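Everything below concerns the one structure shown next.
The values are calculated or read from the model by the stated rules, or taken from the named source; none is laboratory data. Keep in mind that what you see is a predicted model, and the values were worked out from it rather than measured. Here the Cβ is made from the backbone with ideal geometry for all residues, glycine too, and neighbour counts use every protein chain on show.
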Amino acid sequence: NEVDADTVNSYIKSKGDKQTDLFGIAEGKNVILISMESTQNFVINEEVNGKELTPFLNDLIQDSFYFSNIYDQTAQGKTSDAEFMIDTGLYPLPSGSVFVRRPENKFESLPDILQDHSGYKSYTFHGNDAEFWNREKMYQNLGYEHYFAKESYNVTEENSINYGIKDVAFFEQSMEDLISLPEPYLAKFITLTNHFPFLLEEKDQFIEPAETEVDVVNRYVTTIRYQDRALERFFELVKEKGLYEDTIFVIYGDHYGISKKYEAGVHELLGQENTALNHLDLQQIPLIIHVPGQQGDIIETTGGEIDIRATLLHLLGISSENRVSFSQNLFIRAEDTPVVFRNGDMITEDYAYTANVCYDRNSKEKVSNKDCSSYLKKVRQELEHSDNIIFGDLFRYIPHAGGRE
Ligand code: GP9
Ligand code: MN
């Protein structure tokens, strides 16, 4: 297996670590990572009946880095796949969730890197059962100090719906534990209310449901608006506790919320046709990074969720050089590097490949598959190498990699 490890090493070791003047601007800050359940990018700056769906996030974007072309790369592991990509810089598996299938592998995780580099401890807050997605076990493996799961919350019939505790109560009840953490820390919060089938009592609806032909989409509008209110509340509390200035916030949508089956309602809402490229655009998730004192900027680079890790490390002043990872720093990501989807599809600034068709994204026309072939080769290589690392547990052979005994 030494040979395998060498092959992997030589192939993906980051080639140089180009720096920007943003390197280290958030050095030593606490990191609050927020995974927004089922949140697609189209909700940002979108209105229904003259009302914003995400007034709080739209405001926050004004003084944050807003990455407006980032794609969902999750597979069957859904939320856990998003977590996995950010923590390890590896792709999800072709089937099932890595959290469930490979909880004992060695990985070079974000918690381990932050711990080794600058003594951070990492924590997760989430209102669902600790065993869901095998999180409890996987988090230990990835180096999280503690997982504040359902037992840490006072969950009542009144304050819960669908999968569990509603986001406002979740954030409010998390504060006591958050303020008691030793600094610096990485604290991950995973929201829950905006989950299919998007149920919400009337008293929690801060916007009227939409009026498309698809009820799922009509309800989605209300749970998205509710989640935005919960985030606003969280930021109020964080400011109240004096944490705001010492914290970098990384906020992302974990994956799509409206599957193809219900997508007609979104097309109707947005007044667009049902085309393959529009469907692909709807796979975008928002990524917002707020660094205190930093001016806002919209970054239109095409990228994927997996790139969150290298981007965050860059801002924290931690080099990505020599790391075995497929994550790329979004501030300098090369335009012609494909964003890899688990099903073998891909997208770049100029081309997209989906359902066996290659598209020129500028003309929106179908073009010869040859135009996509060099990108597709790269896609196959990356997925194959990532799978080899996971199935072969190859981090065992990579000396600098962390991982718990
Ligand atoms: C469950 C939550 C939702 O704990 O993360 O899971 P999902 O179905 O989105 O993976
Ligand atoms: Mn999810």
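What strands (runs of 3 or more DSSP E) completely inside the range 216-334 contain at least 1 residues that are surrounded by 21 or more Cβ atoms within 10 Å (Cβ to Cβ) and more than 16 Å from ligand 2 (Cβ to nearest atom)? Give the steps one after another, and end with the answer.
Values: elements: 247-253, 287-290, 297-299.
In the range 216-334, 247-253, 287-290 are the strands (runs of 3 or more DSSP E) which contain 1 or more residues that are surrounded by 21 or more Cβ atoms within 10 Å (Cβ to Cβ) and more than 16 Å from ligand 2 (Cβ to nearest atom).
In the range 169-189, which residues are buried (at least 23 other Cβ atoms within 10 Å of the Cβ) and within 16 Å of ligand 1 (Cβ to nearest atom)?
Answer for the range 169-189, where residues must be buried (at least 23 other Cβ atoms within 10 Å of the Cβ) and within 16 Å of ligand 1 (Cβ to nearest atom): PHE170, PHE171, LYS188, PHE189.
Which of the residues spanning the range 130-152 are more than 11 Å from ligand 1 (Cβ to nearest atom) and assigned to a loop (DSSP other than H, G, I, E, B)?
If the condition is that a residue be more than 11 Å from ligand 1 (Cβ to nearest atom) and assigned to a loop (DSSP other than H, G, I, E, B), then GLY143, TYR144, GLU145 are the ones that fit.
Please work out which one of (1) without any contact (Cβ under 8 Å) to a residue 12 or more places away in the chain; (2) not in a strand (DSSP E or B) is the condition LYS366 fails and give its number.
(2)
Please find, within the range 191-204, the residue that is nearest to ligand 1 (Cβ to nearest atom) out of those that are surrounded by fewer than 17 Cβ atoms within 10 Å (Cβ to Cβ) and assigned to a loop (DSSP other than H, G, I, E, B).
The selected residue is PRO197.
Of the numbered conditions (1) away from ligand 2 (no atom under 16 Å from the Cβ); (2) in contact with an Asp or Glu (Cβ under 6 Å, 6 or more places away or on another chain); (3) at pLDDT 95 or above; (4) not polar (S, T, N, Q), ILE32 satisfies every one except a single condition; which is it?
The single condition ILE32 does not satisfy is (2).
So, restricting to helices (runs of 4 or more DSSP H) that lie completely within the range 33-129, which ones have at least 2 residues that are β-branched (Val, Ile, Thr)?
Those helices (runs of 4 or more DSSP H) span 78-88, 98-101.
If the requirement is being surrounded by 19 or more Cβ atoms within 10 Å (Cβ to Cβ) and either of a type in the set (S, T, N, Q) or touching a strand residue (DSSP E or B) at 6+ places or on another chain (Cβ under 8 Å) (or both), which of these qualifies: PHE107, PHE84, PHE99, PHE67?
Just one listed residue meets the conditions, PHE67.
Here's the yes/no breakdown for (1) in a helix (DSSP H, G or I); (2) closer than 28 Å to ASP246 by Cα:
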residue	(1), (2)
VAL155	no, no
PHE171	yes, yes
GLU176	yes, yes
LEU181	no, yes
LYS188	no, yes
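Quick test for you: out of ASN105, ASN159, pick the one residue that is without any contact (Cβ under 8 Å) to a residue 12 or more places away in the chain and more than 16 Å from ligand 2 (Cβ to nearest atom).
Testing whether each residue is without any contact (Cβ under 8 Å) to a residue 12 or more places away in the chain and more than 16 Å from ligand 2 (Cβ to nearest atom) leaves just ASN159.
Looking at (1) more than 15 Å from ligand 1 (Cβ to nearest atom); (2) closer than 30 Å to LYS121 by Cβ; (3) acidic (Asp, Glu), which one does ASP254 not meet, given that it meets all the others?
(1)
In the range 205-212, is there at least one residue being within 16 Å of ligand 2 (Cβ to nearest atom) and in a loop (DSSP other than H, G, I, E, B)?
Checked against the condition, which is being within 16 Å of ligand 2 (Cβ to nearest atom) and in a loop (DSSP other than H, G, I, E, B), the range 205-212 yields no hits at all.
If LEU200 satisfies all but one of (1) touching a residue at least 40 places away in the same chain (Cβ under 8 Å); (2) touching a strand residue (DSSP E or B) at 6+ places or on another chain (Cβ under 9 Å); (3) under 12 Å from THR222 (Cα atoms), what's the number of the condition it fails?
(1)
Only one residue in ASP387, ASP371 is closer than 21 Å to GLY89 by Cα, surrounded by fewer than 16 Cβ atoms within 10 Å (Cβ to Cβ) and among the acidic types (Asp, Glu). Which one?
Every option except ASP387 fails the conditions.
Within the set of pairs 6+ apart or on separate chains, which have a first residue in the range 57-79 that is more than 29 Å from SER386 (Cα to Cα), a second that is away from ligand 1 (no atom under 16 Å from the Cβ) and among the aromatic types (Phe, Trp, Tyr), and C-beta atoms under 8 Å apart?
Short answer, once both residue conditions are applied: LEU60/PHE235; SER64/PHE249.
Please determine whether any residue of the range 110-124 is within 16 Å of ligand 2 (Cβ to nearest atom), under 19 Å from ASN194 (Cα atoms), of a type outside the set (Gly, Ala, Ser) and without any contact (Cβ under 8 Å) to a residue 60 or more places away in the chain.
no
Enumerate the pairs (first residue in the range 211-239 and touching a residue at least 12 places away in the same chain (Cβ under 8 Å); second residue anywhere and assigned to a helix (DSSP H, G or I) and of a type in the set (Val, Ile, Thr)) with beta-carbon separation below 6 Å, excluding pairs fewer than 6 apart on the same chain, so at least 6 apart or on different chains.
Hits for this filter: VAL217/VAL266; ILE224/VAL43; ALA230/VAL168; ARG233/VAL168.
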